[in-house]
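Read through the structure below, which is laid out as structure tokens, and then see the notes.
The values are calculated or read from the model by the stated rules, or taken from the named source; none is laboratory data. These figures come from a predicted structure and were not determined experimentally. As a convention, Cβ positions derive from the backbone with ideal geometry for all residues, glycine included, and neighbour counts pool all protein chains shown. We work out accessible area using only protein heavy atoms, side chains counted, and drop any ligands, DNA or RNA first. Shrake-Rupley method; radii C 1.70, N 1.55, O 1.52, S 1.80 Å.
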Amino acid sequence: MRWLVGWSSIAASFGTVGAVGHHGEGRTVHPVGSQLLWGDPDPLWAVGDWRPDEIRVVTVATPEGAPTTRLAVLGCCGATDEQLRVGLLAARGGALRHLTAWPGSYTAVVQIGRRITVAGDLAGARPVFHTPWANGTAYATAALPLADLIEAQLDIGHLAALLACPETPEALGDGTPYAGVKRIPPGHALILREGSREITGYEAVASLAVAAPQADPVSAVEGVRDALVEAVRARLTAPRHAPETLPPDPGPVPGMGPAERRAARGAPVPGIGADLSGGSASATLALLASGLPGLPGTVLGHGTGAGERLLAVTFNDLSAPGREDEMERARAIAANPRLHHVVVAAGEEALPYASLESGPLTDEPAPSLVVAERHRRRLSAGSADHFVGHGARQVLDAHPARLADLLMDRRRRYLLRPVAALARAEGPSTHSLFVPLAVYRAARRLARTSYRTGLETAASLLPDANRDAPDLDTPADASLASLAWSRPGPAARWLTGEALAEVSVRLQEAALRPAFVQRPGEARARAALARHAADQRILEQAAEIRSQRLHAPYLDNQVVRAARALPESLRVQPGARAAILRRVLAGAGIHDLPPGWGTPSQATSTAAGRIGLRTALPELIALFDAPLLADAGLVEARVVRKALRAASEGEPLPLDGLAELASTELWLRRLVTRRGTCWTGTAAPRQRAVAGGVVPARRTLQP
């Protein structure tokens, strides 16, 4: 786990410049295992196993007596030193957007005198957190260190909102699971001036009353292509790193080759690799990384390096059938001579919910905790720098609520193809005949519903979410449920009435607050992206392989920004993501793709989740025998155990909701049993987050 942390205080100086941070006069505190980037009065540290090239500090020479002007960029950034200096000068004048326009995934921190600016990303994969501390404000890219710093208790209300409405920013607000630790929204920056804080957006805001001019589809797709190519290029041109020294190879093992023995010891393969699942997202990255033209030092300008082949890793789940076509597509793509194909086969040991007793404590809870072992087995066979296709669906696909945006712009004819596709997905039945009309009426209702009315309606319906909750069996049912300003999450049906009532109050209060209102489709799409990016961040922590870096270019700022320029009429069409990525590859000179490329494969993951639930049922029942979620008043243990047994027997219950409950309970248990703290020094906090190691009962929470 890697993060940065710093603070800004009202005091003019804590001590000599370059010293560690102070908490009160004559007392010091600093993070464990940290690297000081700059010192007092507003110190900044990098904590964790950062690579040398992932930390870049640029200082602009200023006249004697002028404020210090410097920029720290942490992560993978494709900008040159000169571009960083230009961006620093632009940020000094207030143009914060320049800090987010470079290829790659990174966090930028600017110091101009006593003013500190920390820019978050557009997707939410690199969030920024802050909390009041020591007559000022502390900030970090992880919430747990700040919770340790202020000895925070759990915010049970936020956990309830996270389970009840995970894709509703109005319910989550700016909170975190730790009381007193706040998060800045995606697309915003945190500005600190001698302890005072301000949160400001750096993206242009579109008008709700006037439709934005539609970009040309051809130029918009070219923008996505250029952004993706630059994102991949930024990783390929970065310095290469070999895995750190590990225990020696035990020698030949029957049935295991060198790659398998290396994976068993927990070491990634040196070089660059990529997932190759057979889907369009991962295949696009693998093909771009293996044959990107114009890279310096490569043979004929092609390939990842002179004489180097890209390692393509395909995960073959032997316990969940139905992936034969996907595996064939992966093998056809891997026939490229610039790819070295590795198939990781796994059985029950890699199913969801496997090895729940092991795993590190992550920054926050997320549904990906129950599939961490599944991903860890795949990534252990990967490279030191490994591309993953996560986020492509949320970035490129159209959220169903965008149909309402089309109606607001009076472009009804673009609804014909997506509505017809939903009707075909229902199959030949009487119900499918009414799908087009039902979807159109729901989209029109959403287009005519104001933001305030929509939230008030959602707040009034939420307390009944645990009674007679609908089962979203078909794509049409899921799309109809998504055509609203807010909807309950899949785990809401198992929450207590008290928890749902508290989240309902949050929605009612949010409806009364003045806020900038986006179009419903745009707002819902951004919320879904933020939810997925947060889950991806936690997955990287839970399935972390030492010396390995996961790269998700679809979540980069420039890719997200280019995708938002795509016309809604193009995005809502069936198969739009595969068509866009096919044109991206064609623009990069890659035309030969296997038949069926881009076919969705969501059904196989659902089948694996049900098999994993059935296999791990005894462990899950034991997990909810005396759950901490029940101690906090969020669920009733008996109800959850009954749902687990019913789902394992094949009852059509939302598996995503059960995964969220299990992940949250698992995270709580790891949190309360942790040892140590993130801080050291004479003034270090005496207690870690969740002081005393117990979850507080709801009746003891302060409003």
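Restricting the search to region 442-455, which residues are under 13 Å from residue 511 (Cβ atoms) and surrounded by 17 or more Cβ atoms within 10 Å (Cβ to Cβ)? First the steps, then the outcome.
Applying the first criterion (under 13 Å from residue 511 (Cβ atoms)) to region 442-455 yields 449-455.
449, 451, 454, 455 - these are the residues of region 442-455 that are under 13 Å from residue 511 (Cβ atoms) and surrounded by 17 or more Cβ atoms within 10 Å (Cβ to Cβ).
Check residue 485 against each of (1) buried (at least 24 other Cβ atoms within 10 Å of the Cβ); (2) in a helix (DSSP H, G or I) and name the one condition it does not meet.
The number of the failed condition is (2).
If residue 175 meets every condition in (1) open to solvent by less than 50 Å² (accessible area, probe 1.4 Å); (2) outside any helix (DSSP H, G or I); (3) touching a Pro at 6+ places or on another chain (Cβ under 9 Å); (4) within 22 Å of residue 489 (Cα to Cα) apart from one, which number is that one?
All conditions pass for residue 175, except number (3).
Looking at residue 344, is it farther than 23 Å from residue 664 by Cα and either surrounded by 21 or more Cβ atoms within 10 Å (Cβ to Cβ) or out of contact with any Lys or Arg (no Cβ under 7 Å at 6 or more places or on another chain) (or both)?
Numbers: farther than 23 Å from residue 664 by Cα: yes; either surrounded by 21 or more Cβ atoms within 10 Å (Cβ to Cβ) or out of contact with any Lys or Arg (no Cβ under 7 Å at 6 or more places or on another chain) (or both): no.
Answer is no for this residue.
Quick one: how many residues across region 88-103 are touching a strand residue (DSSP E or B) at 6+ places or on another chain (Cβ under 7 Å) and assigned to a helix (DSSP H, G or I)? Before the answer, list the steps.
Taking region 88-103 as the starting set, the residues that turn out to be touching a strand residue (DSSP E or B) at 6+ places or on another chain (Cβ under 7 Å) are 88, 91-92, 96, 99-100, 102.
Subsequent filtering for residues that are assigned to a helix (DSSP H, G or I) retains 88, 91-92, 96, 99-100.
Result for region 88-103: 6.
Tell me the residue from 437, 415 that is open to solvent by less than 30 Å² (accessible area, probe 1.4 Å) and part of a helix (DSSP H, G or I), please.
Numbers: 437 fails: open to solvent by less than 30 Å² (accessible area, probe 1.4 Å).
Answer to the check: 415.
Need at least 3 residues that are of a type in the set (S, T, N, Q) per element, so show me which helices (runs of 4 or more DSSP H) inside region 511-622 make the cut, counting only ones lying wholly within it. Quick ask: steps written out before the conclusion?
Values: elements: 520-542, 557-564, 568-571, 576-587, 602-615.
Output list reads 602-615.
Just give me the residues in region 178-203 being hydroxyl-bearing (Ser, Thr, Tyr) and open to solvent by 30 Å² or more (accessible area, probe 1.4 Å), in sequence order.
Filtering region 178-203 for residues hydroxyl-bearing (Ser, Thr, Tyr) gives 178, 196, 200, 202.
Selection gives 196, 200.
Pairs only if they're at least six apart or on different chains, beta carbon under 6 angstrom, first in region 598-621 and farther than 13 Å from residue 641 by Cα, second modelled with pLDDT under 90 and of a type in the set (D, E, K, R); list them, first residue then second.
That search, which allows pairs on different chains as well, returns 601/326; 604/323; 608/317; 615/348.
Going by what's in this entry, would residue 588 be described as open to solvent by less than 30 Å² (accessible area, probe 1.4 Å), under 16 Å from residue 371 (Cβ atoms), of a type in the set (Gly, Ala, Ser) and out of contact with any Cys (no Cβ under 9 Å at 6 or more places or on another chain)?
Working: open to solvent by less than 30 Å² (accessible area, probe 1.4 Å): yes; under 16 Å from residue 371 (Cβ atoms): no; of a type in the set (Gly, Ala, Ser): yes; out of contact with any Cys (no Cβ under 9 Å at 6 or more places or on another chain): yes.
Judged against the criteria, residue 588 is not a match.
Any residue that is crowded, with 24+ Cβ neighbours inside 10 Å and touching a helix residue (DSSP H, G or I) at 6+ places or on another chain (Cβ under 7 Å) - is there at least one of those in region 127-136?
Looking for residues that are crowded, with 24+ Cβ neighbours inside 10 Å and touching a helix residue (DSSP H, G or I) at 6+ places or on another chain (Cβ under 7 Å), one finds at least one in region 127-136, hence yes.
What number of residues within region 394-412 satisfy the criterion of being in contact with a Lys or Arg (Cβ under 6 Å, 6 or more places away or on another chain) and either small (Gly, Ala, Ser) or not in a helix (DSSP H, G or I) (or both)?
Of the residues in region 394-412, 4 are in contact with a Lys or Arg (Cβ under 6 Å, 6 or more places away or on another chain) and either small (Gly, Ala, Ser) or not in a helix (DSSP H, G or I) (or both).
From the set of residues in region 611-627 that are surrounded by fewer than 21 Cβ atoms within 10 Å (Cβ to Cβ) and of a type outside the set (Asp, Glu), which is farthest from residue 669 (Cα to Cα)? Outline the logic, then answer.
At the first step, the residues of region 611-627 found to be surrounded by fewer than 21 Cβ atoms within 10 Å (Cβ to Cβ) are 611, 614-615, 617-619, 621-622, 625-626.
Then drop every residue that is not of a type outside the set (Asp, Glu), which leaves 611, 614-615, 617-618, 621-622, 626.
Values: 611: 24, 614: 22, 615: 22, 617: 18, 618: 18, 621: 15, 622: 13, 626: 11 Å.
Among residues in region 611-627 that are surrounded by fewer than 21 Cβ atoms within 10 Å (Cβ to Cβ) and of a type outside the set (Asp, Glu), the one farthest from residue 669 (Cα to Cα) is 611.
Restrict the check to region 555-566 and report whether at least one residue is at pLDDT 95 or above, within 30 Å of residue 271 (Cβ to Cβ) and touching an Asp or Glu at 6+ places or on another chain (Cβ under 6 Å).
yes
From the list 318, 292, 287, 300, pick out the single residue that is more than 23 Å from residue 126 (Cα to Cα), open to solvent by less than 20 Å² (accessible area, probe 1.4 Å) and at pLDDT below 90. It would help to see each step written out before you state the result.
Details: 318 fails: open to solvent by less than 20 Å² (accessible area, probe 1.4 Å); 287 fails: at pLDDT below 90; 300 fails: open to solvent by less than 20 Å² (accessible area, probe 1.4 Å).
Of the residues listed, the single one that is more than 23 Å from residue 126 (Cα to Cα), open to solvent by less than 20 Å² (accessible area, probe 1.4 Å) and at pLDDT below 90 is 292.
Can you name the residue in region 75-99 that is touching a Lys or Arg at 6+ places or on another chain (Cβ under 8 Å) and open to solvent by less than 10 Å² (accessible area, probe 1.4 Å) and is also farthest from residue 555 (Cα to Cα) among such residues?
Among residues in region 75-99 that are touching a Lys or Arg at 6+ places or on another chain (Cβ under 8 Å) and open to solvent by less than 10 Å² (accessible area, probe 1.4 Å), the one farthest from residue 555 (Cα to Cα) is 88.
Only one of (1) open to solvent by 30 Å² or more (accessible area, probe 1.4 Å); (2) at pLDDT 95 or above; (3) closer than 30 Å to residue 528 by Cβ fails for residue 102. Which number is that?
In the conditions (1) open to solvent by 30 Å² or more (accessible area, probe 1.4 Å); (2) at pLDDT 95 or above; (3) closer than 30 Å to residue 528 by Cβ, residue 102 misses (1) alone.
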